[in-house]
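Q: I'd like to ask you about the structure that follows.
Derivation of every value follows stated rules applied to the coordinates shown; laboratory data play no part. For clarity, every value in this text was computed on a predicted model and none was experimentally measured. With ideal geometry, Cβ positions are generated from the backbone for all residues, glycine too; neighbour counts draw on all protein chains shown.
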């Protein structure tokens, strides 16, 4: 094995040619050589930071955002559990532009707390102007080639007994970051279950922001990147 490795290393060094030290602003003498391996496809790409919805291209011949198009194998039923805190409500329930970063947007603001479950359920399940006609079911259908879909049912909103900064922080993480005398290692699982949810379900420390959702672990084991199962 040593002999083979030495031969390969020697061959690589010969192919690369002698090393040259050049200033940072001076192109290497070998940089003008044509590449030994050229891509066979046209190099037309766009940085995702610069992309808009106008750049989206559906898979040809598919209508996976259409709710009438069913997966060929299975539809996962997902629980969308909404939580908020004593000191922090959902951002979309606030007036437009009222937060430090200028959120929420006018298109989704002043939504009453009682309407939030239906708002997020429809936002993720039903194509419309707010989600630019794209759904979580479409995402799963596209990833699985039309075999697996997702349908979410929302629960909540459930008020957590602690404050927002008390969740999702381990004892050894950011010591001293919470206000003095305030425990910062609460868990969401035991206190955030809907009525009838088994108390024996495993839990983990989670943190929910005011514009997202959290859920007990039993709904976080899908074969993919969604909270459905």
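Q: Sort 90, 155 so the one with the fewest other Cβ atoms within 10 Å of its own Cβ comes first.
A: 155, 90
Q: With r as the distance between the Cβ atoms of residue 47 and residue 114 and R0 = 41 Å, compute the FRET efficiency 1/(1 + (r/R0)^6) and round to 0.05.
A: For residue 114 and residue 47, the calculated efficiency is 0.50.
Q: Sticking with the crude label model, points 7 Å out along Cα→Cβ, report the distance from residue 158 to residue 88 in nm, one decimal please.
A: Label-label distance for residue 158 and residue 88, simple model: 1.8 nm.
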